[in-house]
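The values are calculated or read from the model by the stated rules, or taken from the named source; none is laboratory data. Model, not experiment: these values are computed from the prediction. Cβ placement follows ideal geometry from the backbone for every residue including glycine, while neighbour counts extend to all protein chains displayed. Side chains included, ligands, DNA and RNA excluded: accessible areas come from the protein's heavy atoms. Shrake-Rupley method; radii C 1.70, N 1.55, O 1.52, S 1.80 Å.
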Amino acid sequence: VLQIVKESQQQHGLRHGDFQRYRGYCSRRLRRLRKTLNFKMGNRHKFTGKKVTEEILSDNRYLLLILMDAERAWSYAMQLKQEANTEPRKRFHLLSRLRKAVKHAEELERLCESNRVDAKTKLEAQAYMAYLTGMLRFEHQEWKAAMEAFNKCKTIYEKLANAFTEEQAVLYNQRVEEISPNIRYCAYNIGDQSAMNELMQMRLRSGGTEGLLAEKLEALITQTRAKQAATMSEVEWRGRTVPVKIDKVRIFLLGLADNEAAIAQAENEETKERLFESLLSECRDAIQAVREELKPDQKQREHSLENDSGKVSNIQYLHSYLTYIKLSTAIKRNESMAKSLQKALLQQQRSDEDGKRSPRPQDLIRLYDIILQNLVELKQLPGLEEDKNFQKEIGLKTLVYKAYRCFFIAQSYVLVKKWSEALVLYERVLKYAREVQSGAGAHRNSLKELPDVQDLITQVNAEKYSLQAAAILDANDPHETESPSQVKDGKPLSERFETFCLDPSLVSKQVSLVHFPPGFQPIPCKPLFFDLALNHVAFPPLEDKVEQKAKSGLTGYIKGIFGFKS
């Protein structure tokens, strides 16, 4: 049962969450099955209901009829669940279709109790019925009944997974993983507080929770933080305490530590990136809420600036704090991406494998440019212009990231064999690194999270020696100096048959064989003829004809009136 259901779902829309397409597939398959089995419900004029009984259970396709009925009702319910976010009245129809799916699943389980059905199908039919029952109870918020149904389903699938080979057990284990978050959520609603921690751990996994539980889990986390936010009234940052009156900001600040801990515990880069994006999205929402409070408070804020001699208001300082969190998180995210790119770059240098697009030093340069731009915005935050320690910390961080940016610019120059430019940039890296070491002093604690400058100095010294050696070898090798000049002239292969040179581009995808489109070439124009003899031609005299015409002018006119012809 499970294998038929999963294959049908993956091939007909559910891979992309298209429940309407899957429902259409179930309807078409039901029609084909009824036609093949000659099990039609009457004709186009009259409906005659038929039921599948044990007596006619001679073909397994009769069981498939019941299964497709249940799947069609379930997929319609899931489609309505998506639409119920904007149209709440559709929730009643959703529950009706789920009840219909459970009814078909119960009929399938009853038919599978026949002696003609094997033990594996019987167990799978029971698990399928328990799964749909659990989903119906889950939607009704009957947590105890839902948990019992999900536990029964989980137990059956676990036993089936242990009874078969590893290849067959993969499908059962996947369904067990889908059910586990629902069981934890039901346990939490019954009163088990420890289930909340397990739900949070499941949320950290790659891909997070899906389907029925995803929205409910996010709502539960927000609800829990909202209860804690009722007791939070102020926040302290850089020696100043600021009252927090906006609920959305309270909820965000309470969840900040949990989100940062979740990012630190993330198992892979994909999960970490997803959590960073979620945190930045929440931070942007909180900043927007503070901005809305700032608009009506504009006059009061200007008045407080005059009275307090430059000291910003509490709401403006809170806005600076949230902006600081947003920019710091963006810097951490870009730094995490830079570290993963550095690892990929190092692996590429060790094993030069062809295939998909490999990372380049230019990608890292772009990331460090964004980090430096964020640091510039941090220095300009209102309320922190006179904080010398803060400005000093940001200045040291800027030097660290400038050093790394300069290092990867030098690496990109090394790739194109511009030795002198790369050497100058390596010296600039050492200059930035020494400035960081000399100016760190009391700010060493704030620099612990940054990349180690000493490692960079060691790496730059090693790169300098290898660069000087490569430059000397490149200057002493005549073939290496001549062949690039022959290739760089831009001539295609058709124009340099007589000249031999080792051109690696001939075996690449961007080979230059001929000029295309071909260039224009001069051709002779169509000749132009001028009649020069016309001016020297003497025409015959016409006086006789002119005089004759003048003499017979009146006569000819009269003859023309009366129709006489000469």
Review point. Is it true that some residue in region 78-92 is polar (S, T, N, Q), surrounded by 15 or more Cβ atoms within 10 Å (Cβ to Cβ) and either without any contact (Cβ under 8 Å) to a residue 12 or more places away in the chain or over 24 Å from Q141 (Cβ atoms) (or both)?
Key: no
Exercise for review: Can you tell me which residue among Q300, Q373 is open to solvent by 80 Å² or more (accessible area, probe 1.4 Å), modelled with pLDDT of 90 or more and polar (S, T, N, Q)?
Suggested key: Q373
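Tell me the residue from K392, K397 that is open to solvent by 80 Å² or more (accessible area, probe 1.4 Å), part of a helix (DSSP H, G or I) and in contact (Cβ under 8 Å) with a residue 24 or more places away in the chain, please.
Values: K397 fails: open to solvent by 80 Å² or more (accessible area, probe 1.4 Å).
So the residue among K392, K397 that is open to solvent by 80 Å² or more (accessible area, probe 1.4 Å), part of a helix (DSSP H, G or I) and in contact (Cβ under 8 Å) with a residue 24 or more places away in the chain is K392.
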Review point. Just one of V514, V507, V546 is at pLDDT 85 or above and among the hydrophobic types (A, V, I, L, M, F, W, C); which is it?
Key: V514
Practice item. Could you grab me the full set of residues in region 30-60 that are open to solvent by 50 Å² or more (accessible area, probe 1.4 Å) and closer than 16 Å to R72 by Cα? Key: R31, R32, R34
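For the condition of a type outside the set (D, E), at positive phi and out of contact with any strand residue (DSSP E or B) (no Cβ under 7 Å at 6 or more places or on another chain), what is the one hit in K397, K417?
Sole residue among the options that is of a type outside the set (D, E), at positive phi and out of contact with any strand residue (DSSP E or B) (no Cβ under 7 Å at 6 or more places or on another chain): K417.
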Point to revise | Long-range neighbours under 7 Å by Cβ, at least six apart or interchain, first residue over 18 Å from D455 (Cα atoms) within region 408-427, second in a helix (DSSP H, G or I) and among the acidic types (D, E) | key: Y413/E421; K417/D474
Review point. For region 107-126, what are the residues that are part of a helix (DSSP H, G or I) and more than 21 Å from S96 (Cα to Cα)?
Key: R110, L111, A119, K120, T121, K122, L123, E124, A125, Q126
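Hey, among R61, R97, R116, which residue is closer than 18 Å to K40 by Cα and touching a residue at least 12 places away in the same chain (Cβ under 8 Å)?
Just a single option satisfies the conditions, and that option is R61.
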